[in-house]
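Colleague: There's a structure below that I have some questions on.
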């Protein structure tokens, strides 16, 4: 509706200096705007999620705020690691924020989430504060400035890779180990006759693990409500997907179970896909395999500069053309859901709350 009215404004004889006021009035009159996503790729499906997605002003501001908080938190974690206040492992999620925010916007509170060691964002979105997460990262080594043994997510016992919340089952340090656990969570939902699903997340590297095929077989055999999600950020540690996988269409990896490829840099496409996937699984149709195409800005971990297997120009080009936060910001400003000043205010609040 807003796009139509915006075109009317441009075609009208309203003076240019008054057009912004008219546009603002239109935004107040319509609190929801529709967008088109990139086409989905489907495997063993006749139809999939809708490419016509909508978002309200309140949700748009909420998504932007959450993605900014995650980006800022991961920047702070990276800086703390460089200052040697975080020791050991530290895997950052910057660049992949749209997946976590979009999924959590569509899930039910009693759905189960399980992921790999790149879990800070999921911990934040399932109930922990940024302070609790950073305390856990530093408190694992009992640094007196950040007493994580008292205030960390798991009281300093887990560190970067092992954080948990209600219905969030980690944070798992072994590549692909969470796949079988995710199937077990889906089995629990079906056994207890609950209309809930298990979101079992892993990377493109873990998509080559043998246990994935075993649990796909079990989930298909028993029609378990398990949504397998491959967060394809292009690299398994330092190895490009094309050098590790004979077939890089991970949404087809389930072979005999249906799959969907999704633009993982579009928070609205992710949310719509999760909504559709929940309905599919809750209808008793069995598991799904989703592939969210995304990108990580940092190296595999903080010990990896991320420059030996990709160029700085590649990373900068992705930041410039595919960044999930910038892309969403431009989209909602152009649609009139938010002004640039409003989003700057959110940026200021986030910077004040999380100071790298």
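Colleague: For residue 249 paired with residue 326, estimate the spin-label separation in nm (one decimal), with each label point 7 Å from Cα along the Cα-to-Cβ line.
Modeller: Calculated label separation equals 3.1 nm.
Colleague: Shifting gears a bit: Given the options 261, 122, 276, which has the most mean-square fluctuation in a GNM of the chain, springs set between C-alpha atoms less than 10 angstrom apart?
Modeller: 276
Colleague: Per the helix-only calculation at 222 nm, which mean residue ellipticity applies to the chain, given -39500 (n - 2.57) for every DSSP H run of n ≥ 4 and division by its residues, nearest 500 deg cm²/dmol?
Modeller: About -14000 deg cm²/dmol.
Colleague: Exposure proxy check: 321, 239 ranked by fewest other beta carbons within 10 Å?
Modeller: The most exposed by this proxy come first: 321, 239.
Colleague: Please work out how much length the chain gains when fully extended from residue 347 to residue 180, using 0.36 nm per residue of separation minus the C-alpha to C-alpha distance, in nm with one decimal.
Modeller: Using 0.36 nm per residue and subtracting the Cα-Cα distance, I get 56.2 nm.
Colleague: Determine, for 138, 248, 56, the number of other Cβ atoms within 10 Å of each Cβ, and report the residues in order from fewest to most.
Modeller: 56, 248, 138
Colleague: Could you point to the label whose value was computed as Rg/Rh (Cα atoms, Kirkwood Rh) for the structure here, given [x] 0.95; [y] 1.01; [z] 0.99?
Modeller: From the options [x] 0.95; [y] 1.01; [z] 0.99, the structure gives [z].
Colleague: Fewest to most neighbouring Cβ within 10 Å: what's the order for 355, 245?
Modeller: With the sparsest Cβ surroundings first, the list reads 355, 245.
Colleague: Here's a follow-up. Select from 46, 279, 314 the residue whose mean-square fluctuation is largest in a Gaussian network model of the chain (Cα-Cα springs shorter than 10 Å).
Modeller: 46
Colleague: Taking Cα centroids, how far is segment 307-356 from segment 274-293 in Å?
Modeller: Taking the Cα centre of each part, segment 307-356 and segment 274-293 sit 29 Å apart.
Colleague: Report the residue, chosen from 232, 192, 165, that carries the largest GNM mean-square fluctuation when the chain is represented by alpha-carbon nodes joined by springs under 10 Å.
Modeller: So, out of 232, 192, 165, the one fluctuating most is 192.
Colleague: For segment 269-342, just say rounded, prolate or oblate: build the C-alpha gyration tensor, square-root its eigenvalues into a ≥ b ≥ c, call rounded for a/c under 1.5, and beyond that prolate if a/b exceeds b/c, oblate if not.
Modeller: It comes out oblate by the Cα gyration axes.
Colleague: I need the shape label for segment 169-326. Rule: rounded when a/c is under 1.5, else prolate if a/b > b/c, else oblate, with a, b, c from the alpha carbon gyration tensor.
Modeller: Prolate, because a/c is 1.5 or more and a/b exceeds b/c.
Colleague: While we're looking at this one, here's another question. Going by the alpha-carbon gyration tensor, a ≥ b ≥ c the square roots of its eigenvalues, is segment 142-249 rounded (a/c under 1.5) or, if a/c is not under 1.5, prolate (a/b greater than b/c) versus oblate?
Modeller: oblate
The numbers here are math on the coordinates, done by the rules we state, and not lab data. Every value quoted in this text rests on a predicted model; they were computed, and no experiment measured them. Virtual Cβ from ideal backbone geometry, glycine too; neighbours counted across all protein chains shown.
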